[in-house]
Every structure is written in structure tokens, then in C-alpha cells.
1. Just to confirm my filter: which strands (runs of 3 or more DSSP E) fall fully inside region 79-161 and include at least 3 residues that are in the same structural domain as residue 59 (by TED's automatic domain parsing) and crowded, with 18+ Cβ neighbours inside 10 Å?
2. Please go through region 261-283 and pick out each residue that is assigned to a strand (DSSP E or B) and loosely packed, with under 11 Cβ neighbours inside 10 Å.
3. Which residue pairs have Cβ atoms closer than 8 Å, lie 6 or more positions apart in sequence or on different chains, and pair a first residue in region 41-59 that is modelled with pLDDT of 90 or more with a second residue that is in a helix (DSSP H, G or I) and buried (at least 18 other Cβ atoms within 10 Å of the Cβ)?
4. Is region 148-157 home to any residue that is touching a strand residue (DSSP E or B) at 6+ places or on another chain (Cβ under 8 Å) and at positive phi?
5. Checking the structure you have, find out if any residue of region 225-243 is within 25 Å of residue 86 (Cα to Cα), buried (at least 16 other Cβ atoms within 10 Å of the Cβ) and without any contact (Cβ under 8 Å) to a residue 60 or more places away in the chain.
6. Quick one: which of 145, 201, 208, 242 is under 20 Å from the mean Cα position of the chain (by Cα) and at pLDDT 95 or above?
7. Going by what's in this entry, would residue 286 be described as surrounded by 18 or more Cβ atoms within 10 Å (Cβ to Cβ) and part of a strand (DSSP E or B)?
8. Identify, from the list 300, 268, 256, the residue that is out of contact with any helix residue (DSSP H, G or I) (no Cβ under 8 Å at 6 or more places or on another chain) and touching a residue at least 60 places away in the same chain (Cβ under 8 Å).
């Protein structure tokens, strides 16, 4: 009887240890590891990431697109790749092309799953799960594809087969920890030859010489233009008449011209004028234009100023967002010096 009592007491002790230690009886996965994540800045790329404490940060190879790499003592590999997006290349197209490359280059490659439109942290992208063989060992990989600032990113976690399921929470934490700085614009200042207006423009854009009424013109090399036209007006012409006369010239001289907006505009409750949006065809490509009209009168002098923003149809959505931000800064910088 004493032996039986000792046996029962031993079982009770084991049971209590499991409960107090948060073991399987408490519903805890004994294989699950809690990772402390540390920050790491990839300064040259404007990116901050998180990686698990105890993992070794490795050397990167930007020629192969690798911008961050960390390895664990358990043969786990965490990498981030960055590639320039091609013109009009979508994330779905890029995800598929990567799958084709993997199938061609990885031994015993097998795609397990691909999910599109998954949101992790700040990014919405595509997840691919697959397996492959390296030196007679089988590995599982989770990859997350997303696009930011005209670049495609791949976040990769590569582990021995059978361990990926328990590491998906870590993988999502690593993706969520990625922070990419928004591009900033550096500006130069331009003062017109007659010192009648001032404007700021992106420092890396090309400034073209003045010609006739085109006093200011810069381009980004991708078909986006910023221009300022200056016209001498009759003494009695006001801003509304100047803007409407410009509209008549546009409708007469531009192919497939279509006006989409025309209204009064006030800049900072100070510089008043008119705003026009329109589109037209040039070299079989639709051009989208936004124009601002201002006038200035001084005694017998009357001048009209047209600030023009031109954007072709094939600009990526990410670049469009950058241009909108930049346009606001340029518009706010524009001033009539003696106005």
C-alpha cells in the first residue's frame, strides 16, 4: 500500500510541475520558442529591420539584391532582397517570375502554397511556401513579396523541413518589423531672368535653357515636366480672361484635347488665379496636365504666368504618389517676386 501511495504522490508531483511550468497541460506548444527581436539599420538603403537575438548578422551582396542577412545557430536563414521594379511590372507578375526562377534553379523544388493580397504589418503582398533539397537535406521556405518606392522586396525565412509551421509567427514579426523610409526630395531654386518669379524644383532633374515664352522647364527623364510660361498681356486682360484664352489655344492645338476641370484657385490665401486639368495625345500616348494661371499688373505692364505639370499615362502608381507630394512643395514655392 505504501508503494502505491508513493506512486500516486509521484504522479501528482509531475502533474503539478507541468502545470506550474506552463507545460502541455496548459496548452503550450513545447516546441515554440519566444524570440527577442533586436533592431538593425541598413542606413545606405533607408531601411530598419528586426532580427532575433543570438542570430548572426552576415555580409550582404547588393549585386545579388541581398540587403540584409542573419543566421541562427540552428541552421535558420533570414534574408531580405530588393530589386528595381520594371516599367509597369506588377507584384503578381514579379511573384510568378520568382516562382519560375526557383523551379528552374532549386533541386527538388516543390511549391506548397501561394497566397496573394496578404497584409502583414505595413505591407500588403504575396506569400509563397515551398520546399527544396540542398546537399541531401530538405528545407522549407516562406517568402513574402511586396512593393515599395518602385522596388520589389522579398523577405525570406529558410529552415529545415518540419520546422516552418512553428516559425510562421516569427516570420510575420520579422516582416512587420521592416520600416522603409519615404524618399525625400532635394530642391534647387530658380529665379527668372527678368526677376519676376521664383520657383523650386527637384535637384536631380534637368534644367533646360529658356526659349521664347517658356521661361522655365525641367524634366525627370521619364516624361514628367514642370514648366513656367510668361506672356505679355494687353493692359485690360484679367486672370480669368487669360486662363480662358489659354484654354482656347489648347483645344485648338492639342490632339484629342479634353478638359476635366477649370476653377478658381487661391494659393495660401495670397496668390489668386485659375486651375485647369486636361489630357491630350502626344506620340500615341495620353498626357495628363495640370496648369495654374496667375497675372500681375504694374502701371502699364500686365503679365500672365502659367505653371504647368505634365505627366504621361505610363507612370507607376508609386511614382505618381511621389510626384503628388513633390508637386505640392513646388506649387507652394512658386511666387511672383514683386507681386
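The values are calculated or read from the model by the stated rules, or taken from the named source; none is laboratory data. Quantities reported herein were computed from a predicted structural model and do not represent experimental measurements. Cβ atoms come from the backbone with ideal geometry, glycine included; neighbour counts cover every protein chain shown.
1. On the way: elements: 107-120, 123-134, 137-148, 151-160.
Filter on region 79-161 gives 123-134, 137-148, 151-160.
2. Applying the first criterion (assigned to a strand (DSSP E or B)) to region 261-283 yields 261-267, 271-282.
Of everything in region 261-283, those that are assigned to a strand (DSSP E or B) and loosely packed, with under 11 Cβ neighbours inside 10 Å turn out to be 261, 263, 266.
3. These pairs meet every condition: 49/174; 50/174; 51/174; 52/170.
4. Initially, region 148-157 is screened for residues touching a strand residue (DSSP E or B) at 6+ places or on another chain (Cβ under 8 Å), giving 148-157.
Add one more test, that the residue is at positive phi, and what stays is 149-150.
Yes - at least one qualifying residue is present in region 148-157.
5. From region 225-243, those within 25 Å of residue 86 (Cα to Cα) are 225-226; that's our starting set.
Filter once more, so that each one left must be buried (at least 16 other Cβ atoms within 10 Å of the Cβ): 225-226.
The next check asks that each one be without any contact (Cβ under 8 Å) to a residue 60 or more places away in the chain; those that pass are none.
No: region 225-243 contains no residue that is within 25 Å of residue 86 (Cα to Cα), buried (at least 16 other Cβ atoms within 10 Å of the Cβ) and without any contact (Cβ under 8 Å) to a residue 60 or more places away in the chain.
6. Working: 201 fails: under 20 Å from the mean Cα position of the chain (by Cα); 208 fails: under 20 Å from the mean Cα position of the chain (by Cα); 242 fails: under 20 Å from the mean Cα position of the chain (by Cα).
Residue meeting the stated conditions: 145.
7. On the way: surrounded by 18 or more Cβ atoms within 10 Å (Cβ to Cβ): no; part of a strand (DSSP E or B): yes.
Taking the combined requirement at face value, the residue does not satisfy it.
8. Working: 268 fails: out of contact with any helix residue (DSSP H, G or I) (no Cβ under 8 Å at 6 or more places or on another chain); 256 fails: touching a residue at least 60 places away in the same chain (Cβ under 8 Å).
Only one candidate passes the filter, namely 300.
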